[in-house]
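For reference, the structure is listed below as structure tokens.
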Amino acid sequence: MPSQEKIAIIGGGIVGATAAYYLQRANYQITLFDEGTGQATKAAAGIICPWLSKRRNKPWYFLVSQGAEFYRQFVQDLRADGYDPGAIFQEDGALLLRKQVSDLEADAKAFQKKKPTAPAMGQIKGISGQDLQDYFPLLETSLPATFVSGGARVDGQALIQLLHQALQAMGGHLITERAQIKAEGAGYQITSDHSQGLFHRVLLAAGAWLPELVKPLGLTCEIEPQKGQLFSLFDPAWKDQHWPVTMLPGGLDLIPFNNGEIVIGASHEKGMGYDLSIDQDVINSLRQQASPYLPMTTNHRIHRIEVGSRAYTPTSDVLVGPVPLHDNLWVISGLGASGLTSGPYLGYQWSQLIQSGQWSIDPALFPVEPYLYPSAAS
């Protein structure tokens, strides 16, 4: 039976909300602080298809591949609690456009290597350019593609809203205010505009806002915000088509949802600080990049624009583990553009650590101290 100690999570994005959901589900006393400003998850529509990425970072691949597998358990758990995530997580496959046919052969070799440990990947198939419209009728290109049957899409904003709802329904507390933390005795005092409390254990999952959060603890944090903008188009004729998500060369994604909306993006803007304003020039650039692939949408007006801020370390490494010189304080940050894929898995794993003292994370692979350390003046 869980102890009556009070646990706080600062940051109600995909990591923090998942951790809060699973701990409250296990009858812990959870308070989730979520101001929500610029949160990456709320402005994200993500593709869950990490298996054939060209990135060679093994710790990163461990997180995203485990994250893709975990989504199936995640959906089952939400359904068991009476929630329907059917419109949030949709598995309609993914098209990975490639520049040449030899890339399809490389995908096939990677599939054979990775399939034994990645059952959620499903099957793959090489597709010539002229056959792509059988999968996605709006798509026009002469490029070949690899179709991954287990590829999926997730609506980040809707998922966060559902997790916040579930947390409160189970008796957890959601405080939608900016939190400040300071060490006090064997615990941590957390205050916001209209609340304060002493907590025994705390998870810092504040994304790009982590540097400001840890200053009162005498810590310096090398996390950099990266601005991300995306937009969507809408047509009622696109509803319930179950078109696959599509990853274009150059990093642009086309994400058709079954509600008739196609999300296009996202930008990767460095050096913008915490600017969350819409930059129409960036949106226009994204549309120009996508238009050759979606010429039938030229006359569609922009339906929606979202802006968020991702958290990156200078080396794009993820930091996961205890905070240096602080007992019972953990941090998960630096997930970058992969947050929707790996975030739920990391939040769940931290909840397991709290419950059993064990998790399936090797902190040595995701060191905290290079990016979070005592300030010189402290």
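The values are calculated or read from the model by the stated rules, or taken from the named source; none is laboratory data. Note that the coordinates shown come from a computational prediction; the quantities given were computed from them, not determined experimentally. A quick note on method: Cβ atoms are made from the backbone with ideal geometry, for glycine too, and the neighbour counts reach across all protein chains shown. What goes into the accessible areas is simple: the full protein's heavy atoms, side chains included, and nothing from ligands, DNA or RNA. Shrake-Rupley method; radii C 1.70, N 1.55, O 1.52, S 1.80 Å.
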Assess whether E212 counts as being over 20 Å from A19 (Cα atoms) and within 24 Å of the chain's Cα centre (by Cα). yes
Determine whether region 239-253 contains at least one residue that is open to solvent by less than 60 Å² (accessible area, probe 1.4 Å) and within 30 Å of L372 (Cα to Cα). yes
K113: over 30 Å from H326 (Cβ atoms), outside any helix (DSSP H, G or I) and without any contact (Cβ under 8 Å) to a residue 60 or more places away in the chain, yes or no? no
Flag if V282 is within 19 Å of the chain's Cα centre (by Cα), of a type in the set (V, I, T) and farther than 19 Å from G13 by Cβ: no
Within region 265-303, which residues are in contact with a Ser or Thr (Cβ under 7 Å, 6 or more places away or on another chain) and closer than 26 Å to Q133 by Cα? L286, S291, Y293, T298, H303
With the requirement that a residue be open to solvent by less than 50 Å² (accessible area, probe 1.4 Å) and either aromatic (F, W, Y) or part of a loop (DSSP other than H, G, I, E, B) (or both), what does region 330-378 give you? W330, G334, L335, Y345, Y348, W350, I361, F366, V368, Y371, S375
Tally of residues being open to solvent by less than 90 Å² (accessible area, probe 1.4 Å), farther than 18 Å from G13 by Cα and part of a loop (DSSP other than H, G, I, E, B) across region 177-199: 1
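Which residue is least open to solvent (accessible area, probe 1.4 Å), if the candidates are limited to region 218-238 and must be farther than 18 Å from M272 by Cα, aliphatic (A, V, I, L, M) and outside the structural domain of A206 (by the TED database)?
If we filter region 218-238 for residues that are farther than 18 Å from M272 by Cα, which is where we start, we get 218-220, 231-238.
From what's left, aliphatic (A, V, I, L, M): 219, 233, 237.
Okay, now just the ones that are also outside the structural domain of A206 (by the TED database), so 233, 237.
Values: L233: 2, A237: 68 Å².
Top of the filtered list is L233.
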Cross-chain or 6+ apart pairs with Cβ under 6 Å, region 341-370 first and in contact (Cβ under 8 Å) with a residue 60 or more places away in the chain and in the same structural domain as A19 (by the TED database), then surrounded by fewer than 22 Cβ atoms within 10 Å (Cβ to Cβ) and of a type in the set (G, A, S): Q355/A26
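May I ask you to say which residue of L203, L174, L213 is assigned by the TED database to the domain that holds A20, closer than 23 Å to L353 by Cβ, part of a helix (DSSP H, G or I) and touching a residue at least 60 places away in the same chain (Cβ under 8 Å)? Please lay out each step first, then the result.
Numbers: L203 fails: part of a helix (DSSP H, G or I); L174 fails: part of a helix (DSSP H, G or I).
Going through L203, L174, L213 in turn, just one is assigned by the TED database to the domain that holds A20, closer than 23 Å to L353 by Cβ, part of a helix (DSSP H, G or I) and touching a residue at least 60 places away in the same chain (Cβ under 8 Å): L213.
For region 322-340, which residues satisfy the criterion of being of a type outside the set (G, A, S) and either within 11 Å of the chain's Cα centre (by Cα) or modelled with pLDDT of 95 or more (or both)?
Of the residues in region 322-340, the ones of a type outside the set (G, A, S) are 322-332, 335, 340.
P322, V323, N328, L329, W330, V331, I332, L335, L340 - these are the residues of region 322-340 that are of a type outside the set (G, A, S) and either within 11 Å of the chain's Cα centre (by Cα) or modelled with pLDDT of 95 or more (or both).
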